[in-house]
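Chemist: Once you've had a glance at the structure underneath, I'll fire off some questions.
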Amino acid sequence: MRFLDRIEERAGAAELRAASYRMLALKRGAACVDVACGAGHAVAELSGRGLKVIGIDPDPDAIAAARERAPGAMFHVAHSDALPLEDESMDGYRAVRLFHLLDDPAPTVAEAHRVLRPGGRIVVGGQDYGFVLIDSSDQDLTDVILLGLESRTASPRAVRTLRDVLLDAGFQDVEVAVHTEVVTDYHLMARQLQAAATAAVEKALITREDADGWLAEQARRGRRNRFLAVLPTLLVGARR
Ligand SMILES: C[S@@+](CC[C@H](N)C(=O)[O-])C[C@H]1O[C@@H](n2cnc3c(N)ncnc32)[C@H](O)[C@@H]1O
């Protein structure tokens with residue numbers, strides 16, 4: 001949960017959440033479900049905007065943290081493909097940074113379609129690991145290490161398919177927006193860089209020596225204020 005909190009408390013994460021609320025375009029009093037709500041930042045903010053919010057996550061620890069953050073909201077421990085909600089009961093549906101974890105987005109999107117009322121709004125999205133950019137003196141090695149990062153998630157490039165998946169499920173007026181976060185603070189990314197390099201070694205894409213050399217360069221860049229990562233996140237909005 002501390003990890004999720006750290007991510008959600010970054011300025012870029014707050015801007016991304018705000019962009020998702022603008023895309024939802026819901027009025028006060030509307031009923032909205034935030035699926036994969038994690039530690040409940042979005043649930044708390046949407047509740048603060050006067051919406052009736054339901055947070056859903058399969059992790060009971062996440063739900064406990066979210067309940068503390070948003071005591072006025074309702075929560076369920078459940079998976080995205082089996083929501084404990086009535087048909088056509090929601091005005092809004094939000095699921096951000098979920099789809100890279102799923103083997104198949106279609107059952108989750110079909111479930112969103114079931115619980116939204118006709119005319120209701122959906123916003124889904126997250127990071128597509130296929131277009132992360134990291135500056136380095138060895139770009140080829142960096143590309144291979146980013147493949148290591150991709151190998152750590154079930155569907156690292158799922159987010160680019162969401163427009164297609166929403167259209168297949170019958171959603172209308174599908175729009176895609178890109179929110180780009182520029183990170184120059186090495187410490188915000190250090191853990192992910194180490195995990196990516198280690199995964200690339202474990203996949204036998206590079207040697208441990210390559211990984212250590214690359215990590216040392218990134219740490220040096222951090223010390224000299226030369227670290228740069230660019231992380232685009234897609235938000236896909238539509239109408240039921
Ligand atoms: C990276 S966090 C994202 C949390 C939050 N949406 C955010 O943007 O910060 C992913 C969340 O998805 C939840 N999750 C994983 N599999 C899920 C599933 N099948 N259905 C719903 N949530 C799921 C995890 O428990 C975790 O809280």
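The values are calculated or read from the model by the stated rules, or taken from the named source; none is laboratory data. Source: prediction; values computed, not measured. Positions of Cβ are generated from backbone atoms using ideal geometry, with glycine treated the same way; all protein chains shown enter the neighbour counts.
Chemist: Report, ordered by the first and then the second residue, all pairs with beta carbons closer than 7 Å, sequence separation of six or more or different chains, a first member in segment 207-235 that is in contact (Cβ under 8 Å) with a residue 24 or more places away in the chain and of a type in the set (D, E, K, R), and a second member that is outside any loop (DSSP other than H, G, I, E, B) and surrounded by 12 or more Cβ atoms within 10 Å (Cβ to Cβ).
Modeler: Listed pairs, sorted by first residue: ASP210/LEU141; ARG221/TYR186.
Chemist: Still on this structure: Against the definition (surrounded by fewer than 18 Cβ atoms within 10 Å (Cβ to Cβ) and farther than 18 Å from ASP143 by Cβ), how does ARG208 come out, yes or no?
Modeler: Numbers: surrounded by fewer than 18 Cβ atoms within 10 Å (Cβ to Cβ): yes; farther than 18 Å from ASP143 by Cβ: yes.
Yes: the conditions hold for ARG208.
Chemist: Also, quick follow-up: Which condition number does ALA110 fail, the rest of (1) under 28 Å from ALA30 (Cβ atoms); (2) in contact (Cβ under 8 Å) with a residue 12 or more places away in the chain; (3) away from the ligand (no atom under 16 Å from the Cβ) being met?
Modeler: (3)
Chemist: Here's a check for you: in segment 113-132, which residue that is crowded, with 20+ Cβ neighbours inside 10 Å and more than 16 Å from the chain's Cα centre (by Cα) is farthest from the ligand (Cβ to nearest atom)?
Modeler: Going through the qualifying residues, I end up with GLY120.
For (1) surrounded by 19 or more Cβ atoms within 10 Å (Cβ to Cβ); (2) farther than 18 Å from ALA238 by Cβ, each residue gets a yes or a no:
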site	(1), (2)
GLY40	yes, yes
PRO71	no, yes
PHE75	yes, yes
MET90	yes, no
LEU101	no, yes
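Chemist: Restricting attention to segment 203-210, does a residue exist that is closer than 25 Å to ALA18 by Cβ, at pLDDT below 95 and in contact with a helix residue (DSSP H, G or I) (Cβ under 8 Å, 6 or more places away or on another chain)?
Modeler: At the first step, the residues of segment 203-210 found to be closer than 25 Å to ALA18 by Cβ are none.
Taking every residue of segment 203-210 in turn, none turns out to be closer than 25 Å to ALA18 by Cβ, at pLDDT below 95 and in contact with a helix residue (DSSP H, G or I) (Cβ under 8 Å, 6 or more places away or on another chain).
Chemist: Also: Sort out for me the helices (runs of 4 or more DSSP H) sitting completely within segment 121-240 that have 1 or more residues that are among the small types (Gly, Ala, Ser).
Modeler: Those helices (runs of 4 or more DSSP H) span 139-150, 186-202, 208-223.
Chemist: Looking at segment 78-107 only, could you name the residues that are among the hydrophobic types (A, V, I, L, M, F, W, C), near the ligand (Cβ under 10 Å from one of its atoms) and touching a strand residue (DSSP E or B) at 6+ places or on another chain (Cβ under 7 Å)?
Modeler: ALA78, LEU83, ALA95, VAL96, LEU98, PHE99
Chemist: When you scan segment 3-116 for helices (runs of 4 or more DSSP H) that lie fully inside it, which ones turn up with 1 or more residues that are closer than 20 Å to GLN127 by Cα and not hydrophobic (A, V, I, L, M, F, W, C)?
Modeler: Here the list reads 11-24, 41-48, 106-115.
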